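Have a look at the structure below, then the notes.
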Amino acid sequence: MEVNVKNMIKQKETNRFFLRFTEKAAPVFFLLCAAISVLTTIGIILTLLVETTAFFSRVSFWEFISGTEWWPFGENPTYGVLPLIAGTMLITAIAMMVALPIGLASAIFLSEFASEQTRKIVKPVLEVLAGIPTIVYGFFALTFVTPVLNTFIQDLPVFNALSPGIVVGVMVIPMVASLSEDALRSVPNSMREAALAMGSTRLEVAMKVVLPAALSGIIASFVLGISRAIGETMIVAVAAGSTPKLTWDVTESIQTMTGYIVQVSLGDASYGSTAYYSIYAVGMTLFIFTFMMNILSQYISRRFKEDY
Amino acid sequence: MNTAAERKHTFFANTVADEQEYVSKTIYNVDHFNLWYGDDQALYDVTLAIPENQVTAIIGPSGCGKSTFIKSLNRMVELVPSVKMNGSISYAGQDIFSSGYKVEQLRTDVGMVFQNPNPFPKSIYENVAYGPKIHGIRKKKVLDEIVEKSLKGAALWDEVKDRLQENASGLSGGQQQRLCIARCLAIEPDVILMDEPTSALDPIATAKVEELVQSLKKDYSIVIVTHNMQQAARISDKTAFFLNGEVVEFEHTDKLFSNPEDRRTEDYITGRFG
Ligand SMILES: Nc1ncnc2c1ncn2[C@@H]1O[C@H](COP(=O)(O)OP(=O)(O)OP(=O)(O)O)[C@@H](O)[C@H]1O
Ligand SMILES: [Mg+2]
């Protein structure tokens, strides 16, 4: 039998009403879905704002941002957020020293050197690593990494910054590796060919052509990794301790912003107390940090976008 | 009583008295070269000698193996994992597939210009300076000089001398292609391989590149793949006609276009197929 395309198209015309309805309805449905996440974001920001305002009616803004002691539960509570920020930065710094080099090196290996088979094995493994619940990483830090570190560092306290810092780094590796690899792979092959055809070695091609060409994507992946480390909660809540301290000593017990929020949320403060409101102020600070990181990452990808 | 060289000289003097090209040296010697992509054979028993300091054109219908052949000359074809080959290609007297032969050295001596301009996403200056830099030239003054000389060599200097630090992606397609030629000249290769260098260009840019090829041939041996038979006729000294992975005819360009030996060559150049 002969296929008559013209007739088939005509037949479809008869279904016009239904088509026109879906054509109109589908975008509305999509809009609603998108609206849910936008509204949730607005809701969260509003809550944060309201409760933060309540906090600042009790504690001066200046004390909050310049105070060097965070001690909400004593006789004379002090609310200087700097020790919590320092704790977060300490963890983030350690994590990035682990995640950025290892993540980037893995990405370069996967994108420039690995055979197709190797890539097929390694990529899923990385994804599994990314899918492990962070509480598991937390106990891994507490019950494995800390004891191991203890054999090198005498008198390492059970709760310290170093161990969860390293483990947060390990947790972030897959994300940095995967995003950087995407950036490297999006560099067109013609660039590699051009460089190889001029007598470059594969290493030179990777480091001097592909890496610079993918720089914006790589930096964006770094920034997202940093923002992930800043926001990481369970690992530090489990293994870093709960002693807010303005210190750069990685062997000490510290507390991060997220760690503090967990501690209070678990019931260490009664509803309506200043300590209760303080978690919103800390949450707001945290939000501002990660928000700025995300903006930065977008700015970098846009500003340094390479056109091939 | 005669040395070999003298004998050779007398031989040429007697037979082809005033045809200069015949005395020209061979830069590439391709000998019974076969190539497969997986199980599909793409080149069959290719045997030809590419002369030094001349323009050799490769013509033939789409899919006949022109790109495959030219990429074999600098071993870029090996980037395809499934490639298998036998036979030999020697460059300057050395088998390029022999073990221990340094492919980076080959590709330094033999430059390549691709069908689509592929400048690096760097400045014009950095594009040209890339090759010298990876080969260890670091001095700013020397690099400046190389960049200027190469861009002049590629007939691009006047158009870009005031914007060397701008990104190369801002250039027109024709300018980008000449930039790629300049990039290639910067490491002073002996041979330049060009795979349809003008197919993405308009007629004016094409004319510029053709002119350039003509002017380059005194210092370089050039192998150029082209779909455009007029182009081959205009700029080349010798032409190879490929068909289904075989060299059907390899002759002086004038001869091949005016008086082809093989019936299939004649059919192709008169447009009866392909
Ligand atoms: N990477 C590859 N993998 C498998 N087969 C390939 C590959 N590249 C080319 N081939 C095959 O080899 C044959 C020759 O291809 P080639 O690209 O050399 O042709 P060409 O003469 O350059 O054609 P065109 O004029 O269209 O560029 C074709 O049949 C093609 O399908
Ligand atoms: Mg081709």
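What to note about this one:
- Between the residues A:THR143, A:THR41, A:TYR271, the greatest Cα displacement towards the positive end of the dipole of chain A, with unit charges on the Cβ of Lys, Arg, Asp and Glu, is found for A:THR41.
- Semi-axis lengths (Å, descending) of the ellipsoid that matches the C-alpha gyration tensor of region A:32-77: 33, 10, 9
- 0 to 90° range, to nearest 10: angle between helix B:173-185 axis and chain B longest Cα axis: 80
- A:ILE173 accessible area, assembled protein chains, probe 1.4 Å, Å²: 20
- Taking all protein chains as shown and a probe of 1.4 angstrom, B:LYS25 keeps an accessible surface of around 140 Å².
- Per-atom-type breakdown for chain B gives carbon and sulfur 48% of the accessible area (1.4 Å probe, protein chains only).
- Coil-residue GluC sites (Glu not before Pro) of region A:1-54, DSSP, other Cβ within 10 Å capped at 15: A:GLU2
- Of the DSSP H helices in chain A, those whose Cα atoms cover at least 18 Å axially and whose Kyte score averages 1.0 or more: A:16-56, A:82-108, A:162-185, A:215-231
- Rounded tilt (10° steps) of B:124-134 against the dominant C-alpha axis of chain B: 70
- Crossing angle, helix B:203-216 versus chain B [Cα axis fit, 0-90 degrees, rounded to tens]: 70
- Among A:LEU46, A:LEU19, the order of accessible area from largest down is A:LEU46, A:LEU19, computed with a 1.4 Å probe on protein heavy atoms.
- Accessible surface buried by the A/B pair amounts to about 1700 Å², both sides summed, 1.4 Å probe.
- Size of charge dipole - the protein assembly as shown - debye, nearest 20, with Cβ of Lys, Arg +1 and Asp, Glu -1, no other charges: 900
- Rel. contact order, % - alpha carbon contacts under 8 angstrom, at least six apart, chain B: 25
- The local environment of A:GLU252, defined by Cβ-Cβ distances under 12 Å, has a net charge of -1 under the rule Lys, Arg +1 and Asp, Glu -1.
- Magnitude of the charge dipole, chain B, Cβ model with Lys/Arg +1 and Asp/Glu -1, debye to 20: 920
- Comparing the full protein assembly with the isolated chain, the residues of region B:105-146 losing at least 30 square angstrom of accessible surface (1.4 Å probe) are B:ARG107, B:PHE114, B:ASN118, B:PHE120, B:PRO121, B:LYS122, B:TYR130, B:ILE134.
- Between the C-alpha center of region A:159-211 and that of region B:205-246 there is a gap of 40 Å.
- Of interest is the spacing of the C-alpha centroids, which for region B:64-99 and region A:80-132 amounts to 40 Å.
- This model, with +1 at the C-beta of Lys and Arg and -1 at the C-beta of Asp and Glu, gives region A:2-57 a dipole about its Cα centre of some 440 debye.
- Region A:260-291 and region B:156-203 have Cα centres lying 60 Å from one another.
- Solvent accessible area, Å² - A:ARG228, 1.4 Å probe, full protein context: 90
- Of A:TRP71, A:TRP62, B:TRP36, the residue with the largest accessible area leads and the full order is A:TRP62, A:TRP71, B:TRP36 (1.4 Å probe).
- Once the gyration tensor of the Cα atoms in region A:119-173 is diagonalised, the equivalent ellipsoid follows with semi-axes of 26, 11, 8 Å, ordered largest first.
- Averaged over its residues, the protein assembly as shown has an accessible area of 51 Å² per residue, based on protein heavy atoms and a 1.4 Å probe.
- Accessible area per residue (1.4 Å probe, heavy atoms of protein chains only) ranks A:SER227, B:SER99 as B:SER99, A:SER227, with the largest value leading.
- The fraction of accessible area contributed by carbon and sulfur in region A:70-303 is 68 percent, rounded to a whole number (1.4 Å probe; ligands and nucleic acids excluded).
The values are calculated or read from the model by the stated rules, or taken from the named source; none is laboratory data. Values in this document were obtained by computation on a predicted structure and should not be read as measured data. When we count neighbours, we look across all protein chains shown, and the Cβ atoms used for this are built from the backbone with ideal geometry, even at glycine. These area figures cover heavy atoms from the full protein model, side chains too; ligands, DNA and RNA do not enter into them. Shrake-Rupley method; radii C 1.70, N 1.55, O 1.52, S 1.80 Å.
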